[in-house]
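Undergrad: Handing you this structure, nothing more for now.
The values are calculated or read from the model by the stated rules, or taken from the named source; none is laboratory data. Just so you know, these numbers come straight off a predicted model, no measurement behind them. All Cβ positions, even for glycine, are placed from backbone atoms using ideal geometry, and neighbour counts span all protein chains on display.
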Amino acid sequence: MTPLSPSVNYMMSPGGNGDVKYARYGNTPTADALHRRLAALEGADSALVLSSGMGATTCTLLALLRAGDHVVASAWLYGDTRRFLEIELPTMGIDVTFIDPTETRAWRRAMRLNTRVLFLESPVNPSMRVVDLRPARMLAQEQGVALVVDSTFATPINYRPLEHRADVVLHSATKYLNGHHDVLAGVVCGAESVIEEVRAKMAIWGQAPDPFAVWLLERGLKTLDVRVQRQNASALQIAQWASGVSSIRAVHYPGLPSHPDHEIARAMFDGYGGMLAIELTGGDEAAARVVSRLALFTHAPSLGGVESLVSEPRYTSHRQLDSEARAAMGIPSGFLRLSVGLEGVDDLIADLTQALES
Ligand code: PLP
């Protein structure tokens, strides 16, 4: 990875305000303890909690990039991440090229002399595709650029990208890391030098988490392992059941052998996660009907918590795209995303069964 340009980390540098404890600097005792836990979970030198997943993404990219730099990014990204890369970065003189991450050579073809960051999300929200890290990782190492991975869907229980030699890992901690749908937070993990740059951006851009969110997130993390293990098991069972339902055209879950990236997931993941997507034969009309009938699955855009949620990306994360563009990203009509919670799996399947009855 290229050494970062001269540090803007005046606040935390020796002789700066680093010894001053202040929540906006992210250095309160509770935050320090949480950072150590998160770093241990991801196998990182260092970790930092920010005000949201988007806060983590934006401050990380602001820390790694300068005007005149270039980013190669997977085209399959959470909607607001994509908008930051596509709309905000160019206004700062930073170019971005989007590629199809399943095309192994696409990363290399998009490289320029001024490329500084490769960016991807895996598993992808909401298509559930799994991106093979190897081509991007090999290129990042060879060219000395940073490979940044948004690992929100996987959690460090199922997948630790740093073990596969990514440089920086991002999370929307609003989701699994907290796990109770009551916190907005983001996490970045990586080398100490990078995290200190992100911390400086966080302080200046006002992206530090509220101290109560830090405390709640620390509480949520205590049950991360048991929650994710159960969500892995329930989601797999629902995916297997859904594969045999005639009104469901396709099931997208990396744990199914029929999934296009099953072999990649099997090689990289310890579990396949609590997220899955289904495509209904009846299209958007059927999707709307099923959503209105579901009782245990709440219709809401978030994910990764103790309660099961259902969402229609056409109204949430990918609402800015037209139906053709959504279909090209693996979100055709009749697509529903399910976030499996901790309810009894038989009850969840019964709920889906009654909602799907025509
Ligand atoms: N990354 C992924 C994969 C997400 O799904 C989300 C939100 O859904 C984010 C980042 C942004 O997280 P937040 O809403 O905490 O800002």
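Undergrad: Please indicate, with yes or no, whether at least one residue in the range 314-324 is within 19 Å of the chain's Cα centre (by Cα), at pLDDT 95 or above and not charged (D, E, K, R).
TA: No, every residue in the range 314-324 fails to be within 19 Å of the chain's Cα centre (by Cα), at pLDDT 95 or above and not charged (D, E, K, R).
Undergrad: Oh, and also: Which of the residues that make up the range 238-252 are under 24 Å from the mean Cα position of the chain (by Cα), under 18 Å from ARG129 (Cβ atoms) and touching a residue at least 60 places away in the same chain (Cβ under 8 Å)?
TA: HIS252
Undergrad: If I go through the range 167-178 residue by residue, how many of them are away from the ligand (no atom under 12 Å from the Cβ) and not in a loop (DSSP other than H, G, I, E, B)?
TA: Here the count works out to 1.
Undergrad: LEU147 is checked against (1) under 16 Å from the mean Cα position of the chain (by Cα); (2) within 16 Å of the ligand (Cβ to nearest atom); (3) buried (at least 24 other Cβ atoms within 10 Å of the Cβ); (4) not small (Gly, Ala, Ser) and fails just one. What number does that condition carry?
TA: (2)
Undergrad: Take VAL198 and decide whether it is modelled with pLDDT of 95 or more and touching a Cys at 6+ places or on another chain (Cβ under 9 Å). Break it down into steps so the answer makes sense when it comes.
TA: On the way: modelled with pLDDT of 95 or more: yes; touching a Cys at 6+ places or on another chain (Cβ under 9 Å): yes.
So VAL198 passes the test.
Undergrad: Taking LEU62 as the residue in question, decide whether it is in a loop (DSSP other than H, G, I, E, B) and out of contact with any Ser or Thr (no Cβ under 9 Å at 6 or more places or on another chain).
TA: Details: in a loop (DSSP other than H, G, I, E, B): no; out of contact with any Ser or Thr (no Cβ under 9 Å at 6 or more places or on another chain): yes.
No: the conditions fail for LEU62.
Undergrad: Would you say VAL124 is crowded, with 18+ Cβ neighbours inside 10 Å and over 14 Å from the mean Cα position of the chain (by Cα)? Talk me through it step by step, then tell me what you get.
TA: Details: crowded, with 18+ Cβ neighbours inside 10 Å: yes; over 14 Å from the mean Cα position of the chain (by Cα): no.
So VAL124 does not fit the description; no.
Undergrad: Now, a different point. Scan the range 103-126 residue by residue and report those that are part of a loop (DSSP other than H, G, I, E, B), within 16 Å of the ligand (Cβ to nearest atom) and at pLDDT 95 or above. Walk me through how you get there before you give the answer.
TA: Here is the first cut: in the range 103-126, the ones part of a loop (DSSP other than H, G, I, E, B) are 103-105, 111-114, 122-126.
Add one more test, that the residue is within 16 Å of the ligand (Cβ to nearest atom), and what stays is 122-126.
Passing the criteria: SER122, PRO123, VAL124.
Undergrad: Out of all the residues in the range 218-230, is one or more farther than 13 Å from VAL49 by Cα, in contact with a His (Cβ under 7 Å, 6 or more places away or on another chain) and within 16 Å of the ligand (Cβ to nearest atom)? Before the answer, list the steps.
TA: Step one: filter the range 218-230 for residues farther than 13 Å from VAL49 by Cα, giving 219-220, 222-230.
Then keep just the ones that are in contact with a His (Cβ under 7 Å, 6 or more places away or on another chain); that gives 220.
Checking which are within 16 Å of the ligand (Cβ to nearest atom) leaves us with 220.
Yes: the range 218-230 contains one or more residues that are farther than 13 Å from VAL49 by Cα, in contact with a His (Cβ under 7 Å, 6 or more places away or on another chain) and within 16 Å of the ligand (Cβ to nearest atom).
Undergrad: Name the single residue that is farthest from GLY255 (Cα to Cα) among those in the range 153-168 being surrounded by 24 or more Cβ atoms within 10 Å (Cβ to Cβ) and touching a Gly at 6+ places or on another chain (Cβ under 7 Å). Reasoning before the result, please.
TA: Kept after step one, since they are surrounded by 24 or more Cβ atoms within 10 Å (Cβ to Cβ), are these residues of the range 153-168: 153-156, 159, 161, 166, 168.
Filter once more, keeping what is touching a Gly at 6+ places or on another chain (Cβ under 7 Å): 153-154, 168.
Working: PHE153: 14, ALA154: 12, VAL168: 25 Å.
The residue in question is VAL168.
Undergrad: Now for a separate question. Look at the range 16-51 and say how many of its residues are farther than 12 Å from LEU217 by Cβ, within 16 Å of the ligand (Cβ to nearest atom) and among the hydroxyl-bearing types (Ser, Thr, Tyr).
TA: Residues meeting the conditions: 0.
Undergrad: Sticking with this structure for a sec: Just give me the residues in the range 308-352 being of a type in the set (Val, Ile, Thr) and either farther than 24 Å from TYR272 by Cα or in contact with a strand residue (DSSP E or B) (Cβ under 9 Å, 6 or more places away or on another chain) (or both), in sequence order. Reasoning before the result, please.
TA: Filtering the range 308-352 for residues of a type in the set (Val, Ile, Thr) gives 310, 316, 331, 340, 345, 349.
Correct list: VAL310, THR316, ILE331, VAL340.
Undergrad: Filter the range 179-198 down to the residues that are over 14 Å from ASP167 (Cβ atoms) and not in a helix (DSSP H, G or I) and list them by number. Outline the logic, then answer.
TA: Here is the first cut: in the range 179-198, the ones over 14 Å from ASP167 (Cβ atoms) are 179-187, 196.
Result: GLY179, HIS180, HIS181, ASP182, VAL183, LEU184, ALA185, GLY186, VAL187.
Undergrad: Step by step: first the residues of the range 86-102, then only those that are crowded, with 17+ Cβ neighbours inside 10 Å and under 19 Å from GLN143 (Cβ atoms), then the one that is nearest to the ligand (Cβ to nearest atom). Which residue is that?
TA: Taking the candidates together, the pick is PRO101.
Undergrad: A further question follows. What number of residues within the range 69-83 are more than 8 Å from the ligand (Cβ to nearest atom) and either under 17 Å from ILE94 (Cα atoms) or assigned to a loop (DSSP other than H, G, I, E, B) (or both)? Lay out the reasoning, then the answer.
TA: Taking the range 69-83 first, the residues more than 8 Å from the ligand (Cβ to nearest atom) are 69-76, 79, 82-83.
In the following step, the residues that additionally are either under 17 Å from ILE94 (Cα atoms) or assigned to a loop (DSSP other than H, G, I, E, B) (or both) were identified as 69-76, 82-83.
Looking only at that region, the number is 10.
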